[in-house]
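Where a number appears in this text, it was derived from the coordinates with a stated rule and is not lab data. For clarity, every value in this text was computed on a predicted model and none was experimentally measured. Here the Cβ positions follow ideal geometry from the backbone for every residue, glycine too, while neighbour counts run over all protein chains shown.
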Amino acid sequence: MNIYTKESLIERLKEIANSGWIENGRHGNDGGIGNTLEDLLGIEEDNLPIPNAAEWELKTQRLATSALTTLFHIEPSPRAMKFVPSILLPKYGWRHQKAGDKYPETEMSFRMTIYGNGRSERGFGVQIDKKDRKVLISFDSSQVGDRHSPWLSEVESKVGLKEIDPQPYWGFDDLAHKAGTRLLNAFYIQAAVKKDKETKKEFYHYSKVLMLQKFSFQGFLDQLRAGNILIDFDARTGHNHGTKFRLRQNFLPELYEKVTVII
């Protein structure tokens with residue numbers, strides 16, 4: 001396995017970018033962009049060997065993609081209440097679309113994306129409380145779309161139409177710790193992608209490289225407020241798949257204090 005300094009890694013990334021289109025070295029692998037780059041660098045998967053430096057990682061992404069990047073999983077507080085499976089799912093959930101088919105007739109779903117610059121069709125949104133240092137889940141029944149009126153009537157009979165009480169939340173300190181341990185200093189590499197019509201093989205051009213340093217929690221809150229960081233719930237009666245914080249394309253640099261353009 002190759003060992004790099006930051007300087008030698010930058011030079012190697014420039015060489016790779018100057019090589020133009022490179023065939024996917026892991027044909028049939030959805031993670032081909034990252035895996036192919038690791039092969040070109042001669043390093044092991046998810047292991048960027050830069051000695052005598054702070055923690056670093058490679059982050060790769062397709063250019064011109066609408067795919068969201070999962071930043072981390074974290075359940076809302078108070079954790080002891082198990083808010084998603086114990087309150088949000090039974091009181092604010094709805095009949096799973098595969099209830100009576102793949103799942104039992106009683107299977108419920110709470111699968112939803114919420115954000116800080118608006119409300120979902122079911123009236124849920126994100127509130128940022130700087131005074132109490134919390135990111136809260138909020139419900140406003142007046143913002144529920146007309147097509148969800150039958151569901152809203154069920155919610156009213158179960159729990160009423162006021163704000164969730166108590167509101168589930170994430171403390172700033174918990175989020176800053178979770179994000180800070182996941183969003184390490186990074187080389188952020190984006191690649192253009194093309195596919196050969198006959199062979200179906202993909203080719204990558206690693207054409208954009210940024211060096212991202214020192215996670216910014218204020219930047220994280222700003223992007224959450226702007227709706228570029230979203231919170232995904234994915235729970236059903238039989239299983240809670242976890243609550244995820246996800247990021248829109250091209251906004252990763254906004255989460256760091258120092259951004260250096262390499263290419």
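With viscosity 0.692 mPa s and temperature 37 °C, the Kirkwood radius over alpha carbon pairs of the chain converts through Stokes-Einstein to a diffusion coefficient of 158 µm²/s. Restricting the trypsin sites (Lys or Arg not before Pro) of the range 33-134 to loop positions (DSSP other than H, G, I, E, B) with no more than 16 neighbouring Cβ atoms within 10 Å leaves Lys82, Lys98, Lys102, Lys130, Lys131, Arg133. For the pair Lys59 and Leu161, label points projected 7 Å from Cα toward Cβ lie 4.2 nm apart. P(r) of the range 36-169 in 5 Å steps, Cα pairs, percent per bin? Histogramming the range 36-169 at 5 Å steps yields 2, 8, 13, 16, 14, 12, 10, 8, 8, 6, 3, 1, 0 percent. When only Cα pairs below 8 angstrom with a gap of at least 6 residues are kept, the range 98-217 shows a relative contact order of 16 percent.
With the Cα gyration tensor of the range 147-206 giving a ≥ b ≥ c as the square roots of its eigenvalues, does the rule (a/c under 1.5 for rounded; else a/b larger than b/c for prolate; else oblate) give rounded, prolate or oblate? Taking the square roots of the gyration eigenvalues as a ≥ b ≥ c, the range 147-206 is oblate.
Computed on the chain, with alpha-carbon pairs under 8 angstrom and 6+ residues apart, the relative contact order is 26 percent. Exposure proxy ranking for Asp101, Asp146, based on other Cβ atoms within 10 angstrom of each Cβ and starting from the fewest, stands as Asp146, Asp101. Take every pair of alpha-carbon atoms less than 8 Å apart whose residues are at least six positions apart; their mean separation over the length of the range 214-263 yields a relative contact order of 43 percent.
For the range 155-197, trypsin sites (Lys or Arg not before Pro) are listed when DSSP marks them as loop and at most 16 other Cβ atoms sit within 10 Å of their Cβ; the list is Lys162, Lys197. Compared with the dominant principal axis of the Cα atoms in the chain, helix 32-41 is inclined by about 30°.
Along the range 66-79 the Karplus relation, 6.51 cos²θ - 1.76 cosθ + 1.60 evaluated at θ = phi - 60°, assigns HN-Hα couplings of 9, 5, 8, 9, 6, 7, 5, 9, 7, 7, x, 9, x, 4 Hz to successive residues, with x for each Gly and Pro. Taking every DSSP beta bridge that has both ends in the range 46-147, the antiparallel portion is near 90%. For the range 147-242, the list of GluC sites (Glu not before Pro) that fall in a loop by DSSP and count at most 14 other C-beta atoms within 10 angstrom reads Glu163, Glu198.
For Tyr256, the amide hydrogen comes within under 5 Å of the amide hydrogens of Ser216, counting only partners 5 or more places away or on other chains and with H modelled in the peptide plane. Axis angle, to the nearest 10 degrees, between helix 172-182 and the longest C-alpha principal axis of the chain: 30 degrees. Close amide H partners of Arg236, meaning residues 5 or more places away or on another chain with modelled amide H under 5 Å apart, are Phe110, His241. The modelled label-to-label distance for the pair Met81/Asn35, using points 7 Å beyond Cα in the direction of Cβ, is 4.3 nm. Residue by residue, the range 146-152 carries 3J(HN,Hα) couplings of 4, 5, 9, 4, x, 5, 5 Hz when phi is fed to the Karplus relation 6.51 cos²θ - 1.76 cosθ + 1.60 (θ = phi - 60°); x denotes Gly or Pro.
Rounded, prolate or oblate: which one fits the range 93-213, using the alpha carbon gyration tensor with axes a ≥ b ≥ c (rounded when a/c is under 1.5, else prolate when a/b beats b/c, else oblate)? Verdict is oblate for the range 93-213. Sorting Trp94, Trp21 from the fewest to the most surrounding beta carbons within 10 angstrom yields Trp21, Trp94. Applying the Karplus relation 6.51 cos²θ - 1.76 cosθ + 1.60 with θ = phi - 60° to the range 14-22 yields 3J(HN,Hα) values of 5, 4, 5, 4, 6, 6, x, 6, 10 Hz, where x marks Gly and Pro.
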